[in-house]
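Read the structure below first, then the notes.
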Amino acid sequence: MGLADQWERILALLPEGWIQAELRLRIPVAAQSARATALLGPLAPGRVGSEIHFVVSRRAGIGPEAARRLLAKLDDEGIRGTLVLASSPAHPRGVAAPERERPPLTAQWEELAAALPDDWSDLLCRVELTSSDDLPRAALLSAPLNPSRPEREVGFEFRAARTSGYGASPQMVRRCLARMDESGIRGRVEVLRTLSDTRHVSTQGPVWYVGGKVL
């Protein structure tokens, strides 16, 4: 059975109202794995050996029909494999109930930014991911934020600066979060510390000490 047909079969088994599905594609011919990953590029796939993992979402990024077309390209090139649903309805991390689904990261950021004082200058923020499987991809997509990962936490912290000094601009923060949304990465954004109207006298801005660490 072709990969597009396998996806159609998985779709038929998903519950009504599903939001996103995490999938694993196992390619028996190792030499074909790199080509398959390239063809699935819009899905922002990750690859470990001959296994490729990606997320299909009905709310952000690549949807079910676009995913079927991408898998059909693999069929056209004679790439064979086994497509499996990595998280079943019994594990809502991959297929979540609509009422429990958090808004996209960008929407959360915009809501937080709207609640900040007009003269805010520096922020310490955190992104907590829903799944630890998303950490490597999230770290790559958020690299411009210079993220730091607290111990034993599934996520990362970063700084933002509105006018000057050390930290990503609000526009860059939103862009990085949008890239994670497009990759189907889910989580929670929060502002941990806020400073307003700071004066950077021969420095790159304020320093926070959290848990004995300088941030």
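Going through region 25-40 one residue at a time, which ones are of a type outside the set (A, V, I, L, M, F, W, C) and under 12 Å from Leu74 (Cβ atoms)? Those that are of a type outside the set (A, V, I, L, M, F, W, C) and under 12 Å from Leu74 (Cβ atoms): Gln32, Ser33, Arg35, Thr37.
Against the numbered list (1) out of contact with any Phe, Trp or Tyr (no Cβ under 7 Å at 6 or more places or on another chain); (2) within 20 Å of Leu105 (Cα to Cα); (3) crowded, with 16+ Cβ neighbours inside 10 Å, His53 comes up short only at (2). The residue that is farthest from the chain's Cα centre (by Cα), counting only those in region 44-59 that are at pLDDT below 85 and within 18 Å of Leu11 (Cβ to Cβ), is Arg58.
For Pro117, indicate whether it is at pLDDT below 90 and either farther than 21 Å from Ser183 by Cβ or not assigned by TED's automatic domain parsing to the domain that holds Ser57 (or both). Spell out the reasoning first.
Values: at pLDDT below 90: yes; either farther than 21 Å from Ser183 by Cβ or not assigned by TED's automatic domain parsing to the domain that holds Ser57 (or both): yes.
So Pro117 passes the test.
For region 154-175, the count of residues that are among the small types (Gly, Ala, Ser), under 24 Å from Ala86 (Cα atoms) and assigned to a helix (DSSP H, G or I) is zero. Phe156 passes every criterion in (1) free of Cβ contacts under 8 Å to residues at least 24 places away in the same chain; (2) under 29 Å from His53 (Cα atoms); (3) touching a Pro at 6+ places or on another chain (Cβ under 9 Å) apart from (1).
So, in region 6-24, of the ones that are free of Cβ contacts under 8 Å to residues at least 60 places away in the same chain and closer than 25 Å to Gly78 by Cα, which residue ends up surrounded by the most Cβ atoms within 10 Å (Cβ to Cβ)? Before the answer, list the steps.
Our first condition is that a residue be free of Cβ contacts under 8 Å to residues at least 60 places away in the same chain; within region 6-24, this holds for 9, 11-12, 16.
This time we only want the ones that are closer than 25 Å to Gly78 by Cα, so: 9, 11-12.
Working: Arg9: 11, Leu11: 16, Ala12: 7.
Of everything passing the filter in region 6-24, Leu11 is surrounded by the most Cβ atoms within 10 Å (Cβ to Cβ).
Mind listing whichever residues of region 127-147 are modelled with pLDDT of 85 or more, surrounded by fewer than 20 Cβ atoms within 10 Å (Cβ to Cβ) and not in a loop (DSSP other than H, G, I, E, B)? Those that are modelled with pLDDT of 85 or more, surrounded by fewer than 20 Cβ atoms within 10 Å (Cβ to Cβ) and not in a loop (DSSP other than H, G, I, E, B): Glu128, Leu135, Pro136, Ala139, Leu140, Ala143, Pro144.
Only one of the numbered conditions (1) at pLDDT below 85; (2) in contact with a Lys or Arg (Cβ under 8 Å, 6 or more places away or on another chain) is not met by Leu39, and that is (1). Taking region 107-152 as the range and being of a type in the set (S, T, N, Q) and closer than 15 Å to Ile185 by Cα as the test, the residues that pass are Gln108, Thr130, Ser131, Ser132, Ser142.
Residues being at pLDDT 90 or above and closer than 30 Å to Pro170 by Cβ are entirely absent from region 80-102.
The values are calculated or read from the model by the stated rules, or taken from the named source; none is laboratory data. Predicted, not measured: the structure shown is a model, and the values here were computed from it. Using ideal geometry, Cβ is built from the backbone for each residue, glycine included, and neighbour counts are taken over all protein chains shown.
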